[in-house]
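Quick notes on the structure that follows.
The values are calculated or read from the model by the stated rules, or taken from the named source; none is laboratory data. What you see is a predicted model, and the numbers here were worked out from it, not measured in a lab. Every residue, glycine as well, gets a Cβ built from its backbone with ideal geometry; the counts of neighbours run over all protein chains shown.
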Amino acid sequence: MKKSKTYLAICMAGALAVSGLAGCGESVTAEELVPEVQENAQNADSMEAGLSARISAKVPADVLSSLMGSSGSSAAATADVEAEVTLDGEIQAIREDTTYLNMDLEVSAAGMMQSMALEAYLVQDGDTLKAYAATDGEWTYSESEVESDTAMDSMNQLLDDGMDWVLEEDTEEVGGTEAYVLTAALSGEELLQIAQEVAGASGEDVDLDSLLEETGVDFSKLNLDLVWYVDQEERTPLGMELDFGSSLTDLLADTPLAGVEVEISFELTDMAYNSVEEIAIPEEALAAAGGAEPETEPEMESEESTDSFLGEVTQPAAEATTEAATEAGEETIPDYEAGAAAINAAGQFTLTSYSGGLTINGTLPAGYTCGYGTENMVRLDAEDGSNSVTYSLMDKELWTIEELAEDPDSWVEYMQEDTENYKDIVISDLQTATVAGREVSYRLLTYNAYGLDYQEYYAWVDTGSAICEIETDGDQTGQTVEEFLAPFVENLAF
(Lines give C-alpha, C1' and ligand atoms only; values in the text may rest on other atoms or scores of the structure.)
Protein backbone atom coordinates (compact mmCIF):
# COMPACT_ATOMS: atom_id res chain seq x y z
CA MET A 1 0.00 0.00 0.00
CA LYS A 2 1.31 3.40 -0.91
CA LYS A 3 1.02 5.74 2.06
CA SER A 4 2.28 9.16 2.93
CA LYS A 5 1.64 11.93 5.42
CA THR A 6 0.33 14.94 4.01
CA TYR A 7 -2.73 17.20 4.55
CA LEU A 8 -2.10 19.79 1.86
CA ALA A 9 -4.72 18.07 -0.36
CA ILE A 10 -7.36 18.42 2.45
CA CYS A 11 -6.72 22.17 2.85
CA MET A 12 -6.87 22.84 -0.92
CA ALA A 13 -10.11 20.91 -1.49
CA GLY A 14 -11.79 22.23 1.66
CA ALA A 15 -11.07 25.87 0.84
CA LEU A 16 -12.64 25.63 -2.60
CA ALA A 17 -15.52 23.35 -1.74
CA VAL A 18 -17.31 25.33 0.95
CA SER A 19 -18.72 28.10 -1.19
CA GLY A 20 -22.21 28.56 -2.60
CA LEU A 21 -22.76 30.48 -5.80
CA ALA A 22 -24.84 32.04 -8.43
CA GLY A 23 -28.17 31.51 -10.12
CA CYS A 24 -30.83 32.89 -12.36
CA GLY A 25 -34.48 32.56 -13.20
CA GLU A 26 -37.14 33.40 -15.66
CA SER A 27 -37.31 36.89 -17.19
CA VAL A 28 -34.41 38.18 -15.16
CA THR A 29 -30.82 39.10 -15.82
CA ALA A 30 -27.66 37.71 -14.28
CA GLU A 31 -27.17 41.03 -12.47
CA GLU A 32 -30.54 40.60 -10.77
CA LEU A 33 -30.17 36.95 -9.91
CA VAL A 34 -26.63 36.72 -8.57
CA PRO A 35 -27.47 38.70 -5.39
CA GLU A 36 -30.62 36.60 -4.90
CA VAL A 37 -28.78 33.29 -5.18
CA GLN A 38 -25.99 34.63 -2.99
CA GLU A 39 -28.51 35.52 -0.32
CA ASN A 40 -30.11 32.05 -0.52
CA ALA A 41 -26.73 30.42 -0.07
CA GLN A 42 -25.77 32.70 2.81
CA ASN A 43 -29.06 32.11 4.62
CA ALA A 44 -28.77 28.32 4.45
CA ASP A 45 -27.96 26.57 7.71
CA SER A 46 -26.09 23.70 6.06
CA MET A 47 -24.90 22.32 2.74
CA GLU A 48 -23.44 19.17 1.22
CA ALA A 49 -21.93 18.25 -2.13
CA GLY A 50 -19.73 15.82 -3.96
CA LEU A 51 -16.36 17.20 -4.95
CA SER A 52 -13.52 16.31 -7.28
CA ALA A 53 -10.27 18.04 -8.19
CA ARG A 54 -7.50 17.39 -10.68
CA ILE A 55 -4.02 18.89 -10.84
CA SER A 56 -1.68 17.82 -13.62
CA ALA A 57 1.80 18.95 -14.57
CA LYS A 58 4.33 18.06 -17.26
CA VAL A 59 7.96 19.05 -16.68
CA PRO A 60 10.25 18.89 -19.76
CA ALA A 61 13.53 17.04 -19.30
CA ASP A 62 15.62 20.19 -19.89
CA VAL A 63 13.72 22.14 -17.22
CA LEU A 64 14.05 19.25 -14.79
CA SER A 65 17.77 18.98 -15.47
CA SER A 66 18.15 22.71 -14.84
CA LEU A 67 16.29 22.43 -11.53
CA MET A 68 18.38 19.44 -10.49
CA GLY A 69 21.54 21.33 -11.39
CA SER A 70 20.50 24.36 -9.33
CA SER A 71 20.01 22.09 -6.32
CA GLY A 72 23.60 20.91 -6.52
CA SER A 73 22.85 17.57 -8.17
CA SER A 74 24.95 16.43 -11.09
CA ALA A 75 22.15 14.24 -12.42
CA ALA A 76 20.48 15.00 -15.74
CA ALA A 77 16.95 14.10 -16.69
CA THR A 78 16.55 12.25 -19.97
CA ALA A 79 12.75 12.23 -20.24
CA ASP A 80 9.83 14.50 -19.51
CA VAL A 81 8.12 13.87 -16.17
CA GLU A 82 4.35 13.91 -15.82
CA ALA A 83 2.54 14.18 -12.49
CA GLU A 84 -1.12 14.14 -11.55
CA VAL A 85 -3.07 14.62 -8.33
CA THR A 86 -6.74 13.66 -8.15
CA LEU A 87 -9.23 14.09 -5.32
CA ASP A 88 -12.71 12.58 -5.16
CA GLY A 89 -15.07 12.73 -2.21
CA GLU A 90 -17.77 14.64 -0.40
CA ILE A 91 -18.23 17.67 1.84
CA GLN A 92 -20.81 18.46 4.50
CA ALA A 93 -20.97 21.76 6.38
CA ILE A 94 -23.12 23.27 9.12
CA ARG A 95 -22.91 27.04 9.44
CA GLU A 96 -21.04 28.30 12.52
CA ASP A 97 -20.33 24.72 13.46
CA THR A 98 -18.56 21.84 11.72
CA THR A 99 -17.34 20.99 8.22
CA TYR A 100 -16.69 17.37 7.24
CA LEU A 101 -14.49 16.25 4.32
CA ASN A 102 -14.11 12.66 3.14
CA MET A 103 -11.87 12.11 0.13
CA ASP A 104 -9.71 9.66 -1.75
CA LEU A 105 -6.39 11.12 -2.89
CA GLU A 106 -4.24 9.66 -5.65
CA VAL A 107 -0.84 11.02 -6.63
CA SER A 108 1.16 9.73 -9.59
CA ALA A 109 4.56 11.04 -10.61
CA ALA A 110 7.69 9.76 -12.32
CA GLY A 111 6.29 6.29 -12.75
CA MET A 112 5.14 5.87 -9.15
CA MET A 113 1.69 6.13 -7.60
CA GLN A 114 0.47 6.77 -4.07
CA SER A 115 -3.11 6.64 -2.88
CA MET A 116 -4.68 7.33 0.48
CA ALA A 117 -8.00 7.94 2.20
CA LEU A 118 -8.33 11.42 3.74
CA GLU A 119 -10.91 12.48 6.30
CA ALA A 120 -11.25 15.71 8.26
CA TYR A 121 -13.58 17.48 10.70
CA LEU A 122 -13.05 21.26 10.87
CA VAL A 123 -14.64 23.04 13.83
CA GLN A 124 -14.77 26.85 14.05
CA ASP A 125 -14.46 27.93 17.71
CA GLY A 126 -14.31 31.71 17.76
CA ASP A 127 -11.08 32.68 16.02
CA THR A 128 -9.68 29.16 16.43
CA LEU A 129 -10.05 26.45 13.80
CA LYS A 130 -9.84 22.98 15.31
CA ALA A 131 -8.88 20.33 12.77
CA TYR A 132 -9.26 16.57 13.29
CA ALA A 133 -7.66 14.89 10.28
CA ALA A 134 -6.97 11.28 9.35
CA THR A 135 -4.83 9.65 6.69
CA ASP A 136 -5.77 6.01 6.11
CA GLY A 137 -7.53 5.98 9.50
CA GLU A 138 -4.70 7.50 11.59
CA TRP A 139 -6.01 10.61 13.38
CA THR A 140 -4.17 13.79 14.31
CA TYR A 141 -5.32 17.09 15.81
CA SER A 142 -4.22 20.69 15.28
CA GLU A 143 -5.40 24.23 15.94
CA SER A 144 -4.85 27.45 14.00
CA GLU A 145 -5.92 31.06 14.39
CA VAL A 146 -8.23 32.17 11.58
CA GLU A 147 -10.87 34.77 10.88
CA SER A 148 -14.18 34.09 12.60
CA ASP A 149 -16.00 33.51 9.28
CA THR A 150 -17.67 30.11 9.11
CA ALA A 151 -16.65 27.49 6.57
CA MET A 152 -19.79 28.11 4.51
CA ASP A 153 -18.95 31.82 4.30
CA SER A 154 -15.21 31.59 3.73
CA MET A 155 -15.36 31.53 -0.08
CA ASN A 156 -18.33 33.81 -0.73
CA GLN A 157 -15.93 36.11 -2.50
CA LEU A 158 -16.57 33.90 -5.54
CA LEU A 159 -20.20 35.01 -5.39
CA ASP A 160 -19.41 38.67 -5.90
CA ASP A 161 -22.15 40.55 -7.72
CA GLY A 162 -19.43 42.85 -9.00
CA MET A 163 -18.11 40.13 -11.29
CA ASP A 164 -19.03 40.12 -14.95
CA TRP A 165 -21.63 37.32 -14.90
CA VAL A 166 -23.18 35.89 -18.05
CA LEU A 167 -26.52 34.07 -17.99
CA GLU A 168 -26.47 31.47 -20.76
CA GLU A 169 -29.49 31.36 -23.05
CA ASP A 170 -30.06 27.61 -22.73
CA THR A 171 -30.75 25.69 -19.53
CA GLU A 172 -29.32 22.27 -18.70
CA GLU A 173 -30.65 19.29 -16.77
CA VAL A 174 -28.55 18.59 -13.68
CA GLY A 175 -29.47 15.54 -11.61
CA GLY A 176 -33.01 15.56 -12.94
CA THR A 177 -33.48 19.28 -12.18
CA GLU A 178 -33.69 22.03 -14.77
CA ALA A 179 -30.78 24.37 -14.19
CA TYR A 180 -29.74 27.77 -15.38
CA VAL A 181 -26.11 28.24 -16.29
CA LEU A 182 -24.07 31.19 -15.03
CA THR A 183 -20.52 31.81 -16.21
CA ALA A 184 -17.82 34.26 -15.23
CA ALA A 185 -14.18 34.77 -16.14
CA LEU A 186 -11.94 36.01 -13.32
CA SER A 187 -8.77 37.91 -14.13
CA GLY A 188 -5.48 37.51 -12.34
CA GLU A 189 -6.09 40.74 -10.46
CA GLU A 190 -9.50 39.53 -9.26
CA LEU A 191 -8.08 36.16 -8.21
CA LEU A 192 -5.27 37.76 -6.21
CA GLN A 193 -7.75 40.13 -4.58
CA ILE A 194 -9.89 37.16 -3.53
CA ALA A 195 -6.80 35.37 -2.22
CA GLN A 196 -5.93 38.41 -0.12
CA GLU A 197 -9.42 38.60 1.34
CA VAL A 198 -9.46 34.88 2.16
CA ALA A 199 -6.09 35.34 3.90
CA GLY A 200 -7.49 38.26 5.91
CA ALA A 201 -5.47 40.96 4.12
CA SER A 202 -8.30 42.65 2.24
CA GLY A 203 -7.28 46.21 3.00
CA GLU A 204 -4.85 46.58 0.12
CA ASP A 205 -5.47 46.74 -3.61
CA VAL A 206 -3.61 44.36 -5.89
CA ASP A 207 -0.93 46.06 -8.03
CA LEU A 208 0.05 43.72 -10.86
CA ASP A 209 2.83 46.02 -12.10
CA SER A 210 4.47 46.03 -8.67
CA LEU A 211 4.14 42.28 -8.43
CA LEU A 212 5.75 41.86 -11.86
CA GLU A 213 8.65 44.06 -10.79
CA GLU A 214 9.09 42.25 -7.47
CA THR A 215 8.62 38.65 -8.61
CA GLY A 216 9.19 38.63 -12.36
CA VAL A 217 5.82 36.92 -12.78
CA ASP A 218 3.14 38.48 -14.95
CA PHE A 219 -0.04 37.65 -13.05
CA SER A 220 -2.13 39.37 -15.70
CA LYS A 221 -1.82 36.10 -17.65
CA LEU A 222 -3.72 34.26 -14.93
CA ASN A 223 -7.43 33.68 -15.39
CA LEU A 224 -10.14 31.36 -14.10
CA ASP A 225 -13.35 30.19 -15.76
CA LEU A 226 -16.35 29.57 -13.49
CA VAL A 227 -19.53 27.73 -14.40
CA TRP A 228 -22.41 27.46 -11.95
CA TYR A 229 -25.54 25.37 -12.39
CA VAL A 230 -28.52 26.83 -10.51
CA ASP A 231 -31.88 25.32 -9.63
CA GLN A 232 -34.41 27.11 -11.84
CA GLU A 233 -37.10 27.25 -9.14
CA GLU A 234 -35.21 27.28 -5.82
CA ARG A 235 -32.44 29.50 -7.14
CA THR A 236 -29.76 27.68 -5.17
CA PRO A 237 -26.58 26.17 -6.63
CA LEU A 238 -26.68 22.58 -7.92
CA GLY A 239 -23.05 22.35 -9.01
CA MET A 240 -19.95 24.20 -10.06
CA GLU A 241 -17.01 23.80 -12.44
CA LEU A 242 -13.75 25.72 -12.05
CA ASP A 243 -10.90 25.61 -14.58
CA PHE A 244 -7.66 27.58 -14.93
CA GLY A 245 -7.27 26.36 -18.50
CA SER A 246 -3.80 27.05 -19.90
CA SER A 247 -3.30 30.25 -17.89
CA LEU A 248 -0.99 28.66 -15.32
CA THR A 249 1.21 27.39 -18.15
CA ASP A 250 1.19 30.88 -19.68
CA LEU A 251 2.06 32.37 -16.29
CA LEU A 252 5.27 30.33 -16.16
CA ALA A 253 6.34 31.19 -19.71
CA ASP A 254 8.60 34.08 -18.69
CA THR A 255 10.08 32.35 -15.65
CA PRO A 256 12.79 29.68 -15.17
CA LEU A 257 9.92 27.17 -15.33
CA ALA A 258 9.06 28.07 -18.91
CA GLY A 259 7.87 24.96 -20.71
CA VAL A 260 6.20 23.43 -17.66
CA GLU A 261 2.54 22.66 -18.40
CA VAL A 262 0.10 22.93 -15.49
CA GLU A 263 -3.67 22.38 -15.40
CA ILE A 264 -6.03 22.67 -12.42
CA SER A 265 -9.75 21.97 -12.44
CA PHE A 266 -12.34 21.50 -9.70
CA GLU A 267 -15.96 20.40 -9.59
CA LEU A 268 -18.83 20.37 -7.11
CA THR A 269 -21.79 18.08 -7.84
CA ASP A 270 -25.13 17.15 -6.22
CA MET A 271 -25.18 20.30 -4.09
CA ALA A 272 -27.96 20.52 -1.52
CA TYR A 273 -28.78 23.11 1.14
CA ASN A 274 -30.37 22.72 4.60
CA SER A 275 -29.96 18.95 4.24
CA VAL A 276 -27.45 18.28 7.04
CA GLU A 277 -28.80 18.32 10.59
CA GLU A 278 -25.79 17.06 12.54
CA ILE A 279 -22.12 16.23 12.02
CA ALA A 280 -20.85 13.99 14.82
CA ILE A 281 -17.10 13.79 15.35
CA PRO A 282 -16.12 10.14 16.02
CA GLU A 283 -14.51 9.18 19.31
CA GLU A 284 -11.24 8.11 17.70
CA ALA A 285 -10.88 11.63 16.24
CA LEU A 286 -11.68 13.29 19.58
CA ALA A 287 -9.15 11.01 21.24
CA ALA A 288 -6.43 12.53 19.08
CA ALA A 289 -7.07 15.84 20.88
CA GLY A 290 -7.47 14.26 24.30
CA GLY A 291 -11.20 15.05 24.27
CA ALA A 292 -12.34 11.45 24.55
CA GLU A 293 -11.09 7.90 24.57
CA PRO A 294 -12.23 5.18 22.19
CA GLU A 295 -14.90 2.95 23.66
CA THR A 296 -12.63 -0.09 23.47
CA GLU A 297 -8.95 0.65 23.69
CA PRO A 298 -6.70 -2.38 23.14
CA GLU A 299 -4.16 -3.16 25.82
CA MET A 300 -0.68 -1.93 25.03
CA GLU A 301 2.16 -4.32 25.64
CA SER A 302 4.80 -2.53 27.70
CA GLU A 303 8.39 -2.35 26.51
CA GLU A 304 9.53 -4.02 29.74
CA SER A 305 7.43 -7.12 29.02
CA THR A 306 8.49 -7.49 25.41
CA ASP A 307 10.31 -10.80 25.04
CA SER A 308 12.77 -10.22 22.21
CA PHE A 309 16.34 -10.98 21.34
CA LEU A 310 16.65 -7.30 20.48
CA GLY A 311 16.49 -6.24 24.11
CA GLU A 312 15.35 -2.73 24.99
CA VAL A 313 14.77 -0.32 22.11
CA THR A 314 16.26 2.96 23.25
CA GLN A 315 13.95 5.32 21.36
CA PRO A 316 11.28 3.94 19.04
CA ALA A 317 9.92 6.17 16.33
CA ALA A 318 6.67 6.67 18.24
CA GLU A 319 8.54 8.64 20.90
CA ALA A 320 10.29 11.01 18.51
CA THR A 321 8.00 14.04 18.37
CA THR A 322 8.04 17.75 17.72
CA GLU A 323 8.15 20.18 20.62
CA ALA A 324 4.66 21.44 19.82
CA ALA A 325 1.54 20.59 21.81
CA THR A 326 2.68 18.31 24.59
CA GLU A 327 0.30 19.52 27.28
CA ALA A 328 -2.79 17.51 28.21
CA GLY A 329 -5.53 17.72 25.66
CA GLU A 330 -3.21 18.60 22.77
CA GLU A 331 -1.99 16.27 20.05
CA THR A 332 1.68 15.31 19.89
CA ILE A 333 2.52 15.22 16.17
CA PRO A 334 5.19 12.69 15.14
CA ASP A 335 8.39 14.14 13.73
CA TYR A 336 9.13 11.71 10.90
CA GLU A 337 12.73 12.83 10.40
CA ALA A 338 13.40 12.59 14.14
CA GLY A 339 11.75 9.17 14.14
CA ALA A 340 14.06 8.00 11.36
CA ALA A 341 17.09 9.50 13.12
CA ALA A 342 16.20 7.66 16.34
CA ILE A 343 15.90 4.35 14.49
CA ASN A 344 19.20 4.87 12.72
CA ALA A 345 20.90 5.74 16.02
CA ALA A 346 19.50 2.66 17.77
CA GLY A 347 19.80 0.34 14.77
CA GLN A 348 16.37 -0.97 15.73
CA PHE A 349 12.71 -0.10 15.41
CA THR A 350 9.39 -0.94 17.03
CA LEU A 351 6.33 -1.15 14.79
CA THR A 352 2.77 -0.75 16.15
CA SER A 353 -0.38 -1.85 14.33
CA TYR A 354 -2.73 0.84 13.00
CA SER A 355 -5.45 -0.38 15.35
CA GLY A 356 -3.00 -0.07 18.26
CA GLY A 357 -1.80 -2.58 20.82
CA LEU A 358 0.08 -4.99 18.57
CA THR A 359 3.83 -4.56 18.16
CA ILE A 360 6.86 -6.20 16.60
CA ASN A 361 10.55 -5.25 16.72
CA GLY A 362 13.12 -5.16 13.94
CA THR A 363 16.76 -4.38 13.24
CA LEU A 364 18.26 -2.48 10.31
CA PRO A 365 19.74 -4.85 7.71
CA ALA A 366 23.26 -4.15 6.50
CA GLY A 367 23.36 -1.52 3.77
CA TYR A 368 20.04 0.10 4.75
CA THR A 369 19.09 3.22 6.70
CA CYS A 370 15.69 4.41 7.88
CA GLY A 371 14.33 7.22 5.72
CA TYR A 372 10.90 7.48 7.34
CA GLY A 373 9.90 6.43 10.83
CA THR A 374 6.60 6.50 12.70
CA GLU A 375 5.05 4.07 15.14
CA ASN A 376 2.88 2.66 12.33
CA MET A 377 5.18 2.65 9.31
CA VAL A 378 8.92 2.32 8.76
CA ARG A 379 10.66 2.76 5.42
CA LEU A 380 14.21 1.50 4.93
CA ASP A 381 16.29 2.82 2.01
CA ALA A 382 19.21 1.09 0.36
CA GLU A 383 22.37 3.15 0.74
CA ASP A 384 23.15 2.62 -2.95
CA GLY A 385 19.72 4.00 -3.90
CA SER A 386 18.60 0.82 -5.67
CA ASN A 387 15.40 0.25 -3.70
CA SER A 388 13.41 0.84 -0.53
CA VAL A 389 11.44 -1.48 1.75
CA THR A 390 8.39 -0.38 3.76
CA TYR A 391 6.98 -2.18 6.81
CA SER A 392 3.40 -1.88 8.09
CA LEU A 393 1.63 -3.93 10.77
CA MET A 394 -2.01 -4.93 10.23
CA ASP A 395 -4.45 -6.32 12.80
CA LYS A 396 -5.71 -9.78 11.75
CA GLU A 397 -9.13 -8.92 13.15
CA LEU A 398 -9.43 -6.22 10.48
CA TRP A 399 -7.59 -7.69 7.48
CA THR A 400 -6.66 -11.02 5.95
CA ILE A 401 -3.59 -11.66 3.82
CA GLU A 402 -5.87 -12.32 0.85
CA GLU A 403 -7.50 -8.89 1.27
CA LEU A 404 -4.17 -7.10 1.63
CA ALA A 405 -2.85 -8.93 -1.42
CA GLU A 406 -5.43 -7.11 -3.57
CA ASP A 407 -3.81 -3.72 -2.93
CA PRO A 408 -1.15 -3.91 -5.70
CA ASP A 409 -3.89 -4.36 -8.30
CA SER A 410 -4.76 -0.65 -8.29
CA TRP A 411 -1.14 0.19 -9.11
CA VAL A 412 -1.13 -2.38 -11.89
CA GLU A 413 -4.38 -1.00 -13.33
CA TYR A 414 -2.91 2.48 -13.36
CA MET A 415 0.17 1.32 -15.27
CA GLN A 416 -1.93 -0.65 -17.73
CA GLU A 417 -3.82 2.52 -18.62
CA ASP A 418 -0.59 4.43 -19.31
CA THR A 419 0.66 2.31 -22.21
CA GLU A 420 3.07 4.99 -23.38
CA ASN A 421 5.25 4.90 -20.26
CA TYR A 422 4.62 1.41 -18.79
CA LYS A 423 5.30 -1.82 -20.64
CA ASP A 424 5.79 -5.54 -20.00
CA ILE A 425 3.66 -5.46 -16.83
CA VAL A 426 3.39 -8.85 -15.11
CA ILE A 427 2.11 -9.52 -11.59
CA SER A 428 1.93 -12.97 -10.06
CA ASP A 429 -0.91 -14.52 -8.12
CA LEU A 430 -0.56 -14.82 -4.36
CA GLN A 431 2.17 -17.39 -3.62
CA THR A 432 4.01 -18.72 -0.57
CA ALA A 433 7.68 -19.35 0.09
CA THR A 434 9.87 -20.17 3.05
CA VAL A 435 12.11 -17.18 3.73
CA ALA A 436 14.60 -17.18 6.62
CA GLY A 437 12.69 -20.08 8.15
CA ARG A 438 9.30 -18.33 8.03
CA GLU A 439 6.35 -18.74 5.70
CA VAL A 440 5.90 -15.66 3.55
CA SER A 441 2.98 -14.90 1.24
CA TYR A 442 3.94 -12.68 -1.67
CA ARG A 443 3.21 -11.30 -5.12
CA LEU A 444 5.94 -10.38 -7.60
CA LEU A 445 5.48 -7.40 -9.91
CA THR A 446 7.78 -6.75 -12.88
CA TYR A 447 7.45 -3.95 -15.42
CA ASN A 448 9.33 -1.47 -17.58
CA ALA A 449 8.80 2.22 -16.75
CA TYR A 450 10.32 5.02 -18.78
CA GLY A 451 12.86 2.60 -20.24
CA LEU A 452 13.95 1.06 -16.93
CA ASP A 453 13.18 -2.45 -15.67
CA TYR A 454 11.67 -2.80 -12.19
CA GLN A 455 11.07 -5.79 -9.92
CA GLU A 456 9.00 -5.33 -6.78
CA TYR A 457 7.81 -7.72 -4.09
CA TYR A 458 4.68 -7.35 -1.99
CA ALA A 459 4.98 -9.73 0.95
CA TRP A 460 3.06 -10.61 4.12
CA VAL A 461 4.25 -12.44 7.23
CA ASP A 462 1.75 -13.83 9.76
CA THR A 463 3.08 -12.88 13.21
CA GLY A 464 0.28 -14.64 15.08
CA SER A 465 -2.00 -11.78 16.10
CA ALA A 466 -1.03 -9.45 13.24
CA ILE A 467 0.20 -9.38 9.65
CA CYS A 468 3.47 -7.65 8.82
CA GLU A 469 3.34 -6.18 5.33
CA ILE A 470 6.66 -5.75 3.52
CA GLU A 471 6.53 -3.69 0.34
CA THR A 472 9.58 -3.19 -1.87
CA ASP A 473 9.91 -0.32 -4.31
CA GLY A 474 12.17 -0.12 -7.37
CA ASP A 475 14.35 -3.20 -6.90
CA GLN A 476 16.12 -4.13 -10.14
CA THR A 477 18.44 -6.90 -8.94
CA GLY A 478 16.50 -9.89 -10.30
CA GLN A 479 16.90 -11.79 -7.04
CA THR A 480 14.46 -14.52 -6.00
CA VAL A 481 12.00 -13.81 -3.22
CA GLU A 482 14.05 -16.01 -0.85
CA GLU A 483 17.26 -14.13 -1.65
CA PHE A 484 15.90 -10.61 -1.59
CA LEU A 485 13.49 -10.77 1.37
CA ALA A 486 15.71 -12.84 3.69
CA PRO A 487 17.31 -9.86 5.52
CA PHE A 488 13.92 -8.14 5.87
CA VAL A 489 12.24 -11.20 7.38
CA GLU A 490 15.00 -12.56 9.61
CA ASN A 491 15.42 -9.13 11.25
CA LEU A 492 11.90 -9.24 12.71
CA ALA A 493 11.18 -10.41 16.28
CA PHE A 494 7.66 -11.46 17.27
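Tally time: how many residues in segment 103-112 are surrounded by fewer than 17 Cβ atoms within 10 Å (Cβ to Cβ) and over 11 Å from the mean Cα position of the chain (by Cα)?
3
State all residues of segment 211-232 that are closer than 13 Å to Val174 by Cα, of a type outside the set (S, T, N, Q) and over 29 Å from the mean Cα position of the chain (by Cα); if no residue qualifies, say none.
Once the filter is applied, which keeps residues that are closer than 13 Å to Val174 by Cα, of a type outside the set (S, T, N, Q) and over 29 Å from the mean Cα position of the chain (by Cα), segment 211-232 yields Val230, Asp231.
Per-residue answers, yes or no, for (1) farther than 22 Å from Phe488 by Cα; (2) at pLDDT 80 or above; (3) surrounded by 17 or more Cβ atoms within 10 Å (Cβ to Cβ); (4) not β-branched (Val, Ile, Thr):
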{"residue": "Glu267", "(1), (2), (3), (4)": "yes, yes, yes, yes"}
{"residue": "Ala280", "(1), (2), (3), (4)": "yes, yes, no, yes"}
{"residue": "Glu301", "(1), (2), (3), (4)": "yes, no, no, yes"}
{"residue": "Ala340", "(1), (2), (3), (4)": "no, yes, yes, yes"}
{"residue": "Ala346", "(1), (2), (3), (4)": "no, yes, yes, yes"}
{"residue": "Thr350", "(1), (2), (3), (4)": "no, yes, yes, no"}
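Every residue in segment 463-483 that is out of contact with any strand residue (DSSP E or B) (no Cβ under 7 Å at 6 or more places or on another chain) and either free of Cβ contacts under 8 Å to residues at least 60 places away in the same chain or in a strand (DSSP E or B) (or both), please.
Selection gives Gly464, Gln479, Thr480, Glu483.
Taking the criterion of being assigned to a strand (DSSP E or B), of a type in the set (A, V, I, L, M) and over 21 Å from Ser115 (Cβ atoms), would at least one residue in segment 428-435 satisfy it?
Taking segment 428-435 as the starting set, the residues that turn out to be assigned to a strand (DSSP E or B) are 431-435.
Adding the requirement that they be of a type in the set (A, V, I, L, M) leaves 433, 435.
Cutting the leftovers down to over 21 Å from Ser115 (Cβ atoms) gives us 433, 435.
So far as segment 428-435 goes, yes, one or more of its residues are assigned to a strand (DSSP E or B), of a type in the set (A, V, I, L, M) and over 21 Å from Ser115 (Cβ atoms).
Kindly check whether there is at least one residue in segment 67-85 that is in the same structural domain as Val166 (by TED's automatic domain parsing), under 30 Å from Ala179 (Cβ atoms) and modelled with pLDDT of 90 or more. Full working, then the answer.
First, pick out the residues of segment 67-85 that are in the same structural domain as Val166 (by TED's automatic domain parsing): 67-85.
When the remaining residues are screened for being under 30 Å from Ala179 (Cβ atoms), the result is 84-85.
Restricting the remaining residues to those that are modelled with pLDDT of 90 or more gives 84-85.
Yes, that holds for at least one residue.
Take the residues in segment 425-477 that are acidic (Asp, Glu) and surrounded by 14 or more Cβ atoms within 10 Å (Cβ to Cβ), then tell me which one is farthest from the chain's Cα centre (by Cα). Outline the logic, then answer.
Pass one, segment 425-477, residues acidic (Asp, Glu): 429, 439, 453, 456, 462, 469, 471, 473, 475.
Applying the additional criterion that residues be surrounded by 14 or more Cβ atoms within 10 Å (Cβ to Cβ) yields 456, 462, 469, 471, 473, 475.
On the way: Glu456: 24, Asp462: 30, Glu469: 22, Glu471: 20, Asp473: 20, Asp475: 26 Å.
Applying the filter and picking the extreme gives Asp462.
Please give the number of the condition Asn387 fails out of (1) under 26 Å from the mean Cα position of the chain (by Cα); (2) closer than 26 Å to Ala342 by Cα; (3) exposed (fewer than 15 other Cβ atoms within 10 Å of the Cβ).
(3)
Take the residues in segment 320-332 that are in a loop (DSSP other than H, G, I, E, B) and surrounded by 15 or more Cβ atoms within 10 Å (Cβ to Cβ); name whichever of them is modelled with the highest pLDDT. Don't jump to the end; show me each part of the working.
First, pick out the residues of segment 320-332 that are in a loop (DSSP other than H, G, I, E, B): 320, 322-332.
Then keep just the ones that are surrounded by 15 or more Cβ atoms within 10 Å (Cβ to Cβ); that gives 320, 325, 330-332.
Working: Ala320: 42, Ala325: 39, Glu330: 43, Glu331: 43, Thr332: 47.
Among residues in segment 320-332 that are in a loop (DSSP other than H, G, I, E, B) and surrounded by 15 or more Cβ atoms within 10 Å (Cβ to Cβ), the one modelled with the highest pLDDT is Thr332.
Here is a check on your reading of the model: is Gly385 over 17 Å from Glu471 (Cβ atoms) and touching an Asp or Glu at 6+ places or on another chain (Cβ under 7 Å)?
Details: over 17 Å from Glu471 (Cβ atoms): yes; touching an Asp or Glu at 6+ places or on another chain (Cβ under 7 Å): no.
The answer is no for Gly385.
For (1) under 15 Å from Ser392 (Cβ atoms); (2) modelled with pLDDT of 95 or more, each residue gets a yes or a no:
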| site | (1), (2) |
| --- | --- |
| Ser441 | yes, yes |
| Asp453 | no, no |
| Glu456 | no, no |
| Ala466 | yes, no |
| Asp475 | no, no |
| Gly478 | no, no |
| Phe484 | no, no |
| Ala493 | no, no |
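Across segment 238-251, which residue is surrounded by the most Cβ atoms within 10 Å (Cβ to Cβ) among those that are assigned to a loop (DSSP other than H, G, I, E, B) and in contact with a strand residue (DSSP E or B) (Cβ under 7 Å, 6 or more places away or on another chain)?
Kept after step one, since they are assigned to a loop (DSSP other than H, G, I, E, B), are these residues of segment 238-251: 244-246.
Still in the list and also in contact with a strand residue (DSSP E or B) (Cβ under 7 Å, 6 or more places away or on another chain): 244-245.
Values: Phe244: 21, Gly245: 14.
Residue satisfying both the conditions and the ranking: Phe244.
Which of (1) modelled with pLDDT under 80; (2) assigned to a strand (DSSP E or B) does Ser148 not meet, given it meets every other one?
(2)
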